[in-house]
Amino acid sequence: MIPVCRLEDLPAGESVRLDTTPPVAVFNADGELYAIDDTCSHQDASLSEGWLEGCLVECPLHAASFDLRTGSPTCLPARRPVRTHQVYVEDGVIHVLVADAGAVGAGAMGASAVGAGAAHAGVTEKGSAA
């Protein structure tokens, strides 16, 4: 797992880019955390620099939109999905488990950024006081 940042350092509506190969973007979409490949599948643009609305991110270059939950494009010009990655919160730190190269959409699980010990979609928060 790759540590991203402290949970409080990624407020709702914001994103952060991980300089991995390929780059990964982590989004806080209204208290839910999602991670996808950061490069638009239509053309090389950073999705972390795009506009976030609910669970959709709009590419800043040609306005292609992607669903953060599945990585699927929701409008043209993008036609191919981007990979999604599992997100975990452990001891107040956001972590990403990067999916295998061929696993487009396979890692689609968000972690709740709200509430101590919150867990959903098969993702758990570890290290929380009970």
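The values are calculated or read from the model by the stated rules, or taken from the named source; none is laboratory data. Everything quoted here is computed from the prediction, not taken from an experiment. We place every Cβ from the backbone using ideal geometry, glycine too, and count neighbours over all the protein chains shown. Only protein heavy atoms, including side chains, enter the accessible area calculation; ligands, DNA and RNA are left aside. Shrake-Rupley method; radii C 1.70, N 1.55, O 1.52, S 1.80 Å.
Pairing each residue of the stretch 40-69 that is farther than 12 Å from Ser15 by Cβ with any residue that is modelled with pLDDT under 95 and crowded, with 20+ Cβ neighbours inside 10 Å, provided the two are 6+ apart or on different chains, yields C-beta distances under 6 Å for Arg69/Ala108.
When the stretch 37-69 is filtered for residues that are under 10 Å from the mean Cα position of the chain (by Cα) and either closer than 20 Å to Met1 by Cα or of a type in the set (Ser, Thr, Tyr) (or both), the ones remaining, listed by number, are Asp37, Asp38, Ser48, Leu68, Arg69. Could you list, in sequence order, all residues of the stretch 62-76 that are within 14 Å of Ala25 (Cα to Cα), in a loop (DSSP other than H, G, I, E, B) and open to solvent by less than 40 Å² (accessible area, probe 1.4 Å)? Leu68, Gly71 - these are the residues of the stretch 62-76 that are within 14 Å of Ala25 (Cα to Cα), in a loop (DSSP other than H, G, I, E, B) and open to solvent by less than 40 Å² (accessible area, probe 1.4 Å). Between Ala118, Ala108, Ala99, the distinction of being assigned to a loop (DSSP other than H, G, I, E, B), surrounded by 15 or more Cβ atoms within 10 Å (Cβ to Cβ) and modelled with pLDDT of 90 or more belongs to Ala99 only.
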